[in-house]
């Protein structure tokens, strides 16, 4: 066979990019492609260090359907599996709930971290990624308000959680977060809470994470 014939032969056993583009695959070319694809798939799969449980709320009640920990013992109330491996437990008021950690809405952010000053996020491997939602966090910024009925940054559990667009965040809270980003922060009474947001929360029904009693807004 001449050099010219070898170049033009359609039966060469090696991978030919022109044939591939035309839909013609040699056996070896097909084999190499499969091996390459499997290798890419293996390398792109998440590692244990970046895996997370996830957040699902099909009935839009503000509580994760696949994980929550209402008594704060580190055990998933949904399936009984241990989730928070490093949880510390104290119950000084004998109410069968952890004084240092609770996660009623199941977003991986400690509902009572403002009160306990302890364990703000479930992060067993200390990689600065929430083990439930997979969201990165840093000190003081835990994104608790973006998921579920617990507004951890304010010490509140919403009694009237509403999520019409199924994005896991209370619709009114989300609107206020967007507004706060765009508007100038106003705090005339010096309590550290935006005055506009205070007026909105006065119309909501919520429980105080600190006192654990039912409260109603002033305008109810």
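The values are calculated or read from the model by the stated rules, or taken from the named source; none is laboratory data. Note that this is a predicted model, so its numbers are computed, not measured. Every residue, glycine among them, receives a Cβ derived from its backbone with ideal geometry; neighbour counts consider all protein chains shown.
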Region 94-108: number of residues that are more than 26 Å from residue 58 (Cβ to Cβ) and either not in a loop (DSSP other than H, G, I, E, B) or not assigned by TED's automatic domain parsing to the domain that holds residue 84 (or both): 0
Single unsatisfied condition, residue 115 versus (1) closer than 18 Å to residue 150 by Cα; (2) assigned to a loop (DSSP other than H, G, I, E, B): (2)
Test: residue in region 125-143 that is closer than 15 Å to residue 60 by Cα, out of contact with any strand residue (DSSP E or B) (no Cβ under 7 Å at 6 or more places or on another chain) and either surrounded by 14 or more Cβ atoms within 10 Å (Cβ to Cβ) or not assigned by TED's automatic domain parsing to the domain that holds residue 77 (or both): no
Residue 62 being assigned to a loop (DSSP other than H, G, I, E, B) and either modelled with pLDDT under 95 or within 20 Å of residue 159 (Cα to Cα) (or both): yes
Filter result (in a loop (DSSP other than H, G, I, E, B), surrounded by 18 or more Cβ atoms within 10 Å (Cβ to Cβ) and either under 14 Å from the mean Cα position of the chain (by Cα) or at pLDDT 95 or above (or both)) within region 144-169: 147, 148, 149, 161, 163, 168, 169
